[in-house]
Amino acid sequence: MSTLGERLKKARERKGLSQTEVYRRTNINNKTLSRYEKGGSEPDSETLKILANIYDVSADYLLGISTNESPIEKDNASTTPLDKIWLRADTSGLSKDEQDILKEDLADYFEFRKSQLLKDKHK
């Protein structure tokens, strides 16, 4: 049976995400994510929910409780702010690839705007 770290890495790679992309979407530091994947440390329950949501797998799968990767249902309370906005977005008429591009653009914009606001705050 695989470890939590191995399942985290497998789920991330299956989703086609780099550690940097996961950081941009979740604000979980790349080094922290690397430690999780190498088994050096384990995420707390809230972080595990966030990762399961981003990777579109069940937390039970990540924990090794279940071999079923599919989440039974999405818990809206555990979604990231970007996912909450995305759930309200009208993406009708867009292909899956176009939706992914738009979602990535939104993540980039939010990160850019957040950094601007933080800079302004510290002036």
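The values are calculated or read from the model by the stated rules, or taken from the named source; none is laboratory data. Quick caveat, the model's predicted, so the values are computed rather than measured. Glycine gets a Cβ as well: all are built from the backbone with ideal geometry, and neighbour counts include every protein chain shown. Just so you know, the surface numbers come from the protein's heavy atoms only, side chains and all, with ligands and any DNA or RNA stripped out. Shrake-Rupley method; radii C 1.70, N 1.55, O 1.52, S 1.80 Å.
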*asked:* Any residue in the range 25-40 that is within 19 Å of Glu111 (Cα to Cα) sitting within a Cβ distance under 8 Å of a residue that is of a type in the set (Phe, Trp, Tyr) and assigned to a helix (DSSP H, G or I)? List the pairs, counting only those 6 or more apart or interchain.
replied: Asn29/Tyr23; Asn30/Tyr23; Leu33/Tyr23
*Could you list, in sequence order, all residues of the range 2-20 that are part of a helix (DSSP H, G or I), in contact (Cβ under 8 Å) with a residue 12 or more places away in the chain and open to solvent by 60 Å² or more (accessible area, probe 1.4 Å)?*
Glu6, Lys9, Arg14
_With the requirement that a residue be over 18 Å from Asn29 (Cα atoms), open to solvent by 70 Å² or more (accessible area, probe 1.4 Å) and modelled with pLDDT of 90 or more, what does the range 40-79 give you?_
Leu63
*State yes or no: is Tyr23 in a helix (DSSP H, G or I), surrounded by 13 or more Cβ atoms within 10 Å (Cβ to Cβ) and at pLDDT 95 or above?*
no
